[in-house]
1. Among the residues of region 88-97, is there at least one that is among the hydroxyl-bearing types (Ser, Thr, Tyr) and out of contact with any Gly (no Cβ under 6 Å at 6 or more places or on another chain)?
2. For the list (1) closer than 23 Å to Asp70 by Cα; (2) surrounded by 15 or more Cβ atoms within 10 Å (Cβ to Cβ), I need the number of the one condition that Ser164 fails.
3. Counting just the residues of region 167-187 that are in a loop (DSSP other than H, G, I, E, B) and out of contact with any helix residue (DSSP H, G or I) (no Cβ under 8 Å at 6 or more places or on another chain), which one comes out modelled with the lowest pLDDT?
4. Quick one: which of Glu16, Glu81, Glu55 is more than 18 Å from Val154 (Cα to Cα), among the acidic types (Asp, Glu) and touching a Lys or Arg at 6+ places or on another chain (Cβ under 7 Å)?
5. Taking region 134-146 as the region of interest, how many residues are part of a helix (DSSP H, G or I) and either at pLDDT 95 or above or surrounded by 15 or more Cβ atoms within 10 Å (Cβ to Cβ) (or both)?
6. Does Ser56 count as part of a helix (DSSP H, G or I), hydroxyl-bearing (Ser, Thr, Tyr) and either surrounded by fewer than 21 Cβ atoms within 10 Å (Cβ to Cβ) or under 18 Å from the mean Cα position of the chain (by Cα) (or both)?
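The values are calculated or read from the model by the stated rules, or taken from the named source; none is laboratory data. Since we're looking at a predicted model, the values are computed, not measured. Note: ideal-geometry Cβ built from the backbone for every residue, glycine included; neighbour counts use all protein chains shown.
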Amino acid sequence: MSNGDLKKAIVDAALELFAERGLSNVDMNDISKRSGVSIDNILQYYEIPGDILHESFKKGQRKMEEIFRDPVMGNMDNYLEVMFDGLEAAISPWGPELYFNTLYLSTKDKVLKDAFLRSSRSMGFAVKSFLAQMVAMSIVDEIENVEIVNSNLVSSFIENLAKSLEGVSMNDIKSNWVKNASKMLVQSSSTHVE
């Protein structure tokens with residue numbers, strides 16, 4: 001097994017276990033059993049289970065930031081589609097089902113809750129920066145109460161994403177989120193790029 005395949009097996013097993021038991025109730029033995037990777041091999045990459053969780057959050061964050069850094073052409077809906085893609089990338093190490101299960105367990109696991117709070121702050125900061133870019137590009141007018149708008153955009157993303165667990169397609173979820181998110185912003189009258 002290549003190093004990349006080995007790490008993927010470890011991370012996949014750990015994220016499944018975190019979604020089932022939380023972080024505090026998972027140890028390296030559990031991850032070894034689930035992944036089929038020896039503890040010695042796991043310890044070459046990670047000292048504790050929390051290291052795997054933090055790396056997964058960072059990986060999603062990096063993917064989101066990469067998407068947000070790419071130039072966007074078009075109107076407000078095009079920008080909001082990119083914002084959705086970035087938010088989706090932030091949870092990509094889990095996928096929606098594991099993400100929601102792990103999020104739910106964070107209500108019972110303080111260590112996991114703290115990790116989610118840190119990740120949420122990072123996600124919110126990236127969205128806020130993207131909103132500032134939208135203002136600078138004259139896509140939207142100045143955003144009053146940007147902290148509230150930012151929070152509403154991220155929380156509505158999570159709420160809409162939950163519909164994937166009910167079998168709603170990601171394209172439909174994205175379309176609905178963009179439609180609702182556009183109501184939170186005022187399209188700039190000075191520039192309309194079509």
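1. No, every residue in region 88-97 fails to be among the hydroxyl-bearing types (Ser, Thr, Tyr) and out of contact with any Gly (no Cβ under 6 Å at 6 or more places or on another chain).
2. Looking at each condition in turn, Ser164 falls short on (1).
3. If we take residues in region 167-187 being in a loop (DSSP other than H, G, I, E, B) and out of contact with any helix residue (DSSP H, G or I) (no Cβ under 8 Å at 6 or more places or on another chain), then Val186 is modelled with the lowest pLDDT.
4. On inspection, the qualifying residue turns out to be Glu16.
5. Total meeting the criteria: 2.
6. For Ser56, the condition - part of a helix (DSSP H, G or I), hydroxyl-bearing (Ser, Thr, Tyr) and either surrounded by fewer than 21 Cβ atoms within 10 Å (Cβ to Cβ) or under 18 Å from the mean Cα position of the chain (by Cα) (or both) - is met.
Here's the yes/no breakdown for (1) surrounded by fewer than 18 Cβ atoms within 10 Å (Cβ to Cβ); (2) modelled with pLDDT under 95; (3) under 11 Å from the mean Cα position of the chain (by Cα); (4) outside any helix (DSSP H, G or I):
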site	(1), (2), (3), (4)
Asp51	yes, no, no, no
Lys63	no, no, yes, no
Ile67	no, no, no, no
Asn78	yes, no, no, no
Leu87	no, no, yes, no
Trp94	no, yes, yes, yes
Tyr104	yes, yes, no, no
Phe125	yes, yes, no, no
